[in-house]
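Only one structure is covered here, and it is reproduced in the block below.
Taken together, the values in this text are just the output of simple stated rules run on the coordinates, not laboratory data. In this text, all values refer to a predicted model and were calculated from it rather than measured experimentally. Don't worry about glycine lacking a Cβ; one is built from the backbone with ideal geometry, like all the others, and counts go over all protein chains shown.
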Amino acid sequence: MIRIENLRKTYGKIQALCGIDLHVPAGELFAYLGPNGAGKTTSIRILTGLTRLSAGAAALNGHDIAAQSTAAKRQCGLVPQHVNLDSELTVGENLDLHGRLFGMPAATRRQRIAELLAYVELGDRVHSLVKQLSGGLKRRVMIARALLHNPRILFLDEPTVGLDPAIRRRIWSLIKQIQQQGTTIFLTTHYIEEAEFLADRVAFLDSGRIVAVDSPTALMAGVGHWAVDWVSDAGLQSAYFPSREAAQAAGAARHNGFTLRRVNLEDAFLTLTGKKVATDANAQTVHGQGHGAHAAATRNPTGGQAKKGH
């Protein structure tokens, strides 16, 4: 559904994307994760026709984004990172304008607007001015707008940024419902737990390059299953272990306290993007997270096998 080959983008001497290769099949919810400046939004802007690529190729549902730009744009809907609704128009007027831009007949627009506002639970707000809506309601309007022309692919660029946890989870539920109806979803987010919960597969992007692509479960298993966190003079440190028993034993050997928890996707991200600083011969993975300091390796008294991050 989404095919990217050697995708590159440069701004003067700055390389925003350094040769991305990626295939997202139909119906998949694919998460694209990376720190600020990694190239996430640049990738989405290229795929949705808002920015020209410098080299390489990409296609949406078989339509080349450069050679068949109009057809490619019709394949996708976009929910951008920042709210870009017209605040002086009503909810219905914003959606109607979008439908007009896509050449939808008036009767089709009215029917589709009613369906989608009911779908995002905003049927009673069709005549409300956008400026009167909360942040969470605006996000739901933007999702409805992106779906108005029945796209095969939905791009979500930080769709829950700035929302409180309860509203964020409500948006998560809506996103999963959209996927279940057959829409391919390409998601960027800074909330790594969001990707862990929603995504079928995840790509870790760092400095314009993809460093890993796999399911959240597989990425986490590559680091370990249990983690021990503790605070040292260098900041917050973490070590990863294949079993709870090994992690518990390593934590118990410390005299300044520790926290035992399951490995999460953020641990995999920190390791695979090179944020991990040190390993020793026993603990699976060790990294420092405090004040940018280098972490000292910790010993796993149970003798777990070391595993170095890529």
Net charge within 15 Å of C18 by Cβ-Cβ distance, Lys/Arg positive one each and Asp/Glu negative one each, not counting C18 itself?
+2
The exposure ranking of R169, R74, fewest beta-carbon neighbours within 10 Å first, is R169, R74
Output needed for the chain: three equivalent-ellipsoid semi-axes, defined as square roots of 5 times the C-alpha gyration tensor eigenvalues, in descending order, whole Å.
41, 22, 16
The farthest towards the positive end of the charge dipole of region 2-214, of the residues I210, L89, A16, given +1 on Cβ of Lys and Arg and -1 on Cβ of Asp and Glu, is L89
Around L17, which amide H atoms from residues at least 5 apart in sequence, or from another chain, sit under 5 Å from its own amide H, with H modelled in the peptide plane?
K9
Output the pairs from K13/K138; K73/K138; K13/K73 with a Cα-Cα distance over 32 Å in this structure; if there are none, say none.
K13/K138
Sites D164 and S215, calculated FRET efficiency, Cβ-Cβ separation with R0 41 Å, nearest 0.05:
0.90
Could you line up H82, H149 from fewest to most neighbouring Cβ atoms inside 10 Å?
H82, H149
Towards the positive end of the charge dipole of the chain, with charges on Cβ (+1 Lys, Arg; -1 Asp, Glu), say which of V223, M142, L50 has the farthest Cα.
L50
Estimated vicinal HN-Hα couplings, Hz - region 166-175 in sequence order (Karplus 6.51, -1.76, 1.60; Gly, Pro = x)
5, 5, 4, 5, 5, 5, 4, 4, 5, 4
How much mean residue ellipticity at 222 nm does the chain get from its helices, if each DSSP H run of length 4 or more adds -39500 (n - 2.57) and you divide by all residues, to the nearest 500 deg cm²/dmol?
-9000 deg cm²/dmol
How large is the Kirkwood hydrodynamic radius of region 120-216, counting all unique pairs of alpha carbons, in Å?
14.6
Label-point separation (nm) for E245 and S54, each offset 7 Å from Cα along Cα-to-Cβ?
5.3
As I understand it, the dipole of the chain uses +1 on the Cβ of Lys and Arg and -1 on the Cβ of Asp and Glu, about the Cα centre. Which of I175, T70, F197 lies farthest toward its positive end?
T70
Of K40/K176; K9/K131; K9/K176, pairs whose Cα-Cα distance is over 26 Å
K9/K131; K9/K176
Among K131, K40, K138, what is the fewest-to-most ranking by other Cβ atoms within 10 Å?
K131, K138, K40
Principal semi-axes in Å for region 21-125 [√(5λ), Cα gyration tensor, largest first]:
29, 17, 14
Principal-axis tilt of helix 135-147 within the chain, Cα atoms, nearest 10 degrees
60
Where nothing but the Cβ of Lys and Arg (+1) and of Asp and Glu (-1) is charged, how large is the charge dipole of the chain around its Cα centre, in debye to the nearest 20?
460
For every other residue with a beta carbon closer than 12 angstrom to the beta carbon of L101, add +1 if it is Lys or Arg and -1 if Asp or Glu, then tell me the sum.
+4
